[in-house]
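Report on the structure given below.
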Amino acid sequence: MCGIAGCIGTEAALPFLINGLKKLEYRGYDSAGIAVYDNGNIIVRRKVGKISELEKAIAGETINGTYGIAHTRWATHGAPSDRNSHPHRNDDGHFAVVHNGIIENYLDLKKELMEKGHVFSSETDTEVLPNLLADCYEGDLLQAVWKAEKRLRGSYAAVFMTEKEPGVLVAIRKDSPLIVGYGKNGNYLASDIPALIGYVDQYIVLKNDESAVLTKDSITVYQNGEKVEPEVLPLTMDIAAAEKGGYDHFMLKEIHEQPRALRDCLSGRITPNEPMVNLGELKLDREKMASINKIMMVACGTAYHACFVGKYIYEKILRIPVEVDIASEFRYRDPIVDEHTLTIVVSQSGETADTLAALAEAKKKGSHILAITNVWESSIAREADDVIYTRAGLEIAVASTKAYSTQLLSIYLLGFYMAEICGKMERNEIKQYLDELYRLPEKVQEILDRDPDAIKVLGETVAESENAFFIGRGLDYVVALEGALKLKEISYIHAEAYAAGELKHGTLALIVDQVPVICLCTQRDVEEKMISNMVEVKTRDAKVLTFVFEGDNHGEKVSDTVIKLPNTYDLLSPILTVIPLQLIAYYASVKRGADVDQPRNLAKSVTVE
């Protein structure tokens, strides 16, 4: 959510700032701006809309300064507009700032600053920062930032510059991600790694409450006013990871990257014909597991749906009660969590604000925290007691695909790991499941390769409707939730998922002539019940689109279209059934002319509550 880029070096800053913002577009935004120090002045240009609008606004200008900051804004305080866009300056223009997050006490600060004579020109909470900084400044930018920061309540990543101290950028971080990096032509910073690819060889992930001072020759990191030696990591990701690679959209590329992502997730963790999972890095041993009497799974959005799969899996194979909670609700309902609870938090970015807050609440209550995340050294990874990295690789489309499937796979691996160390399953049974998990990447590839036009036609068919419904039973219902979310978030079609057994309890009132109903029918123990539910919607003239395993013909008589999927164990089906649902959503979005990778009002990483 929002994006920050900044640089200070020996070459013109503007090309990096614009390119860096473009690499951060996936985070979601409604306006963009830059601030560059040039010839003694901070030049600020801001524009509502896409980065292309900002480029048009500065076309023909000569901006040669070698350091500056840039921002893509996702509106919270104040509607999207030029004057609410970042960067913001103080009232005399000497200080400039970009900021991600929320300043919770901004109204009190704004009132105090206005009483001192400061003038405000926007509706944002951010504008208090440069004015507060000016009020605190006594000749040293870093000291002024620290003094101002003591007055702030909220979450933020912010970068400051001033005409009074040319050649210096000061960055602070609290509950919102910020990365600084070393490059050949200077030093750089950004909200996320994609902006730095091609510019930086090594980087530092700023920890909570750390600050950094960047000059063209150095990066100095501080915590609590004391200089620290940060961990410096190599940036090994290449430019190709942040490009579309010949696909029309990042989402389609990432759907097709799932076989590779799943193999990477499995690598070193299971070996064919071996009856156990290798998660030796975990502190979660037999003794710890013996004390666990409940599992809490906490996440947001797509990751929340992955947790629901986990509930079904863990209760079945571990026979331990599992609760699944939306992270934004978890800490406000005083959940029953203690030292005998294993809390599993799932987040693609590892920076999701609500999930971080839930983690802190569970930790405070004594729970062991296990994180499943895609991002090395993310906030959630650092705060958790244990971490399983999904290894999905860079995911740029807002609608999560490969991050979701690798979250599922990580959940399975953890489940079979716990089943083995706790003696909940026979080793031979575990081996059978692990051997099948090992084959799933090639089965996902088979789905992607097999008659892709058939899925495209389904997507385009769904695109003709303003409503769509997904139904299933058991694990199929849980996957239906994710299918409906994918469709609504990128095509803007109203989509809902229902447990098929609930149709008679109100849902049938919504089934009308030719409304698409996507039916998942892969759970063999409830297949007959599911067929009956499909008949119910078919007799009301719905357009029934069904997904079944190969060799299953029961649904053909009551379906308009049937798509066959490679066979697997019912328990493992979610990793396969979600693939065509992702594709249906993608093709529906394309057909309707929506912005596939950057759907309206949404952000990739939600770093504010």
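The values are calculated or read from the model by the stated rules, or taken from the named source; none is laboratory data. Keep in mind that what you see is a predicted model, and the values were worked out from it rather than measured. Heads up, the Cβs are rebuilt from the backbone with ideal geometry, glycines too, and the neighbour counts pull from every protein chain shown. These area figures cover heavy atoms from the full protein model, side chains too; ligands, DNA and RNA do not enter into them. Shrake-Rupley method; radii C 1.70, N 1.55, O 1.52, S 1.80 Å.
Tabulated data
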{"quantity": "Other-chain or far-sequence residues with amide H under 5 Å of Cys2's (modelled H)", "calculated": "Trp74"}
{"quantity": "Global form of region 8-116, assessed from the alpha-carbon gyration tensor, a/c cut-off 1.5", "calculated": "oblate"}
{"quantity": "Where the Cα pairs of the chain fall when distances are cut into 10 Å bins, in %", "calculated": "3, 16, 25, 24, 18, 10, 4, 0"}
{"quantity": "Volume of the Cα convex hull of region 491-605, divided per residue and given in Å³", "calculated": "133"}
{"quantity": "24 Å tail of the calculated P(r), region 386-537, as % of Cα pairs", "calculated": "46"}
{"quantity": "Selection from Leu413, Gly423, Tyr433, by position along the positive dipole direction of region 400-450 (Cβ)", "calculated": "Leu413"}
{"quantity": "Long-range amide H partners of Asp175 with built H, under 5 Å", "calculated": "Tyr156, Asp209"}
{"quantity": "Among beta bridges that DSSP assigns inside the chain, antiparallel share in %, nearest 5", "calculated": "60"}
{"quantity": "Cα centroid separation, region 331-408 to region 6-35 (Å)", "calculated": "29"}
{"quantity": "Calculated over region 150-263: convex hull of Cα atoms, volume per residue (Å³)", "calculated": "157"}
{"quantity": "For region 300-310, 3J(HN,Hα) per residue [Karplus equation, 6.51 cos²θ - 1.76 cosθ + 1.60, θ = phi - 60°, Hz, x = Gly/Pro]", "calculated": "10, x, 4, 4, 4, 5, 4, 5, 5, 4, x"}
{"quantity": "Exceeding the 32 Å Cα-Cα cut-off - candidates Lys22/Lys207; Lys283/Lys431; Lys424/Lys557; Lys150/Lys311; Lys294/Lys557; Lys56/Lys244", "calculated": "Lys424/Lys557; Lys150/Lys311; Lys294/Lys557"}
{"quantity": "Protein-only accessible surface order, largest first, of Val44, Val159 at 1.4 Å", "calculated": "Val44, Val159"}
{"quantity": "Sequence ranges 111-121, 335-345, ranked by mean other-Cβ count within 10 angstrom, highest first", "calculated": "335-345, 111-121"}
{"quantity": "Projected area averaged over orientations for region 323-465, convex hull of C-alpha atoms, nm²", "calculated": "11.5"}
{"quantity": "Area projected by the alpha carbon convex hull of region 99-184, averaged over all directions, nm²", "calculated": "6.2"}
{"quantity": "Built amide H within the under 5 Å cut-off of Val324, gap 5+", "calculated": "Met297"}
{"quantity": "Centroid-to-centroid separation of region 465-502 and region 123-155 [C-alpha atoms, Å]", "calculated": "46"}
{"quantity": "Dimensions in Å of region 201-290 - Rg and Dmax from alpha carbons", "calculated": "20.4, 55"}
{"quantity": "Most to least packed among 411-418, 382-389 [average Cβ atoms within 10 Å]", "calculated": "411-418, 382-389"}
